1. Give region 138-152 a look and list any residue that's part of a helix (DSSP H, G or I) and either hydroxyl-bearing (Ser, Thr, Tyr) or surrounded by 17 or more Cβ atoms within 10 Å (Cβ to Cβ) (or both), or say none.
2. From the residues in region 57-85 that are touching a Lys or Arg at 6+ places or on another chain (Cβ under 7 Å) and modelled with pLDDT of 90 or more, which one is least open to solvent (accessible area, probe 1.4 Å)?
3. Give me the residue from region 209-242 that is of a type in the set (Gly, Ala, Ser) and assigned to a helix (DSSP H, G or I) and, out of that set, surrounded by the fewest Cβ atoms within 10 Å (Cβ to Cβ).
4. Which of the residues spanning region 248-276 are over 14 Å from Arg31 (Cβ atoms) and modelled with pLDDT of 70 or more?
5. Filtering region 186-214 down to residues that are within 19 Å of the chain's Cα centre (by Cα) and more than 19 Å from Asp172 (Cα to Cα), which residue is modelled with the lowest pLDDT?
Amino acid sequence: MTREVKEIFGNGSGGGTPSPPAPAALAAKVRTLAPSMTRSMQRVAEAVADDPAGCAALTVTGLAELTGTSEATVVRTARLLGYPGYRDLRLALAGLAAQQQSGRAPAITTDIAVDDPIADVVAKLAYDEQQTLADTAAGLDTVQLAAAVTALAGARRTDVYGVGASGLVAQDLTQKLLRIGLMAHAHSDPHLAVTNAVQLRSGDVAIAITHSGSTGDVIEPLRVAFEHGATTVAVTGRPDGPVTQYADHVLTTSTARESELRPAAMSSRTGQLLVVDCLFVGVAQRTYESAAPSLAASYEALAHRHRVPRKSP
């Protein structure tokens with residue numbers, strides 16, 4: 001998809017009509033998109049996620065009546081979730097219902113109470129982390145991922161933007177890329193980010209990491225990089241967020257439930273780190289001949305820092 005077409009039609013998935021999400025990815029898709037839906041569309045999305053078997057048996061009119069919405073709202077919700085129409089959504093719901101009836105263990109609550117024993121805290125966090133990883137993997141567009149890997153593998157230079165918890169993920173990615181011999185910089189200072197983005201050109205890559213998809217300090221440098229011809233990538237929990245209008249490729253992370261004791265910044269970082277690892281491994285595969293010696297050299301250069309010094313006799 002050219003940038004001219006993108007400006008007319010909005011962000012897509014890299015050309016062509018995107019495939020509907022697999023049944024296993026439907027629940028993750030609902031969790032990701034629900035916060036940005038209208039309340040009436042949320043009711044439809046929550047209904048299909050909570051009772052896929054029951055909703056699969058309903059006509060579009062039946063689901064509209066069940067959720068107190070309209071047929072048009074049901075169809076719009078189906079399309080927002082990635083399906084051409086309600087018929088395709090019903091087929092996915094039937095598939096999801098079949099998977100749930102195959103003997104999966106029921107989900108446990110991950111809400112952490114102030115008086116929870118530490119053992120329960122560990123169990124709940126571990127479950128939530130696993131669910132976040134599974135949801136992110138199920139919803140990740142591998143076509144977009146492969147395109148981003150191709151751009152990174154051939155980039156003259158890569159800039160990564162992120163603030164707060166996302167800034168830590170940005171540093172993680174750049175450190176990985178540096179260790180296989182690629183030029184990469186992480187920017188959490190918005191002024192430095194824009195200053196560096198101005199220097200990017202075609203053949204460079206800019207990556208914005210923002211769970212909300214609306215972090216201005218991250219969107220601004222990505223916009224500048226986009227306008228200067230760099231290939232741009234957004235790693236976000238909101239595929240319809242403002243950051244995506246300046247992204248050539250969008251990689252969506254799972255939106256985990258936020259709680260008083262576990263803010264979104266903590267849970268979102270799990271999905272972001274998975275996407276970062278996928279990007280890095282993909283690039284390392286594409287550049288293996290040069291990456292392997294560079295990685296070995298970095299290990300050797302740092303080895304002495306990890307040895308326990310011998311005690312003098």
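The values are calculated or read from the model by the stated rules, or taken from the named source; none is laboratory data. Worth saying up front: this structure is predicted, and the values here are computed from it rather than measured. Note that we place each Cβ from the backbone using ideal geometry, even for glycine, and neighbour counts take in every protein chain shown. Surface areas here come from the heavy atoms of the whole protein model, side chains and all, with no ligands, DNA or RNA. Shrake-Rupley method; radii C 1.70, N 1.55, O 1.52, S 1.80 Å.
1. Listed by number, the residues that qualify are Ala138, Gly139, Thr142, Gln144, Leu145, Ala147, Ala148, Val149, Thr150, Ala151, Leu152.
2. If we take residues in region 57-85 being touching a Lys or Arg at 6+ places or on another chain (Cβ under 7 Å) and modelled with pLDDT of 90 or more, then Thr67 is least open to solvent (accessible area, probe 1.4 Å).
3. In this case the residue turns out to be Gly216.
4. Those that are over 14 Å from Arg31 (Cβ atoms) and modelled with pLDDT of 70 or more: Asp248, His249, Val250, Leu251, Arg269, Gln272, Leu273, Leu274, Val275, Val276.
5. Ser212
Here's the yes/no breakdown for (1) modelled with pLDDT of 95 or more; (2) closer than 13 Å to Ala206 by Cα:
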site: Asp128; (1), (2): no, no
site: Ala134; (1), (2): no, no
site: Ala155; (1), (2): yes, yes
site: Asp172; (1), (2): yes, no
site: Leu178; (1), (2): no, no
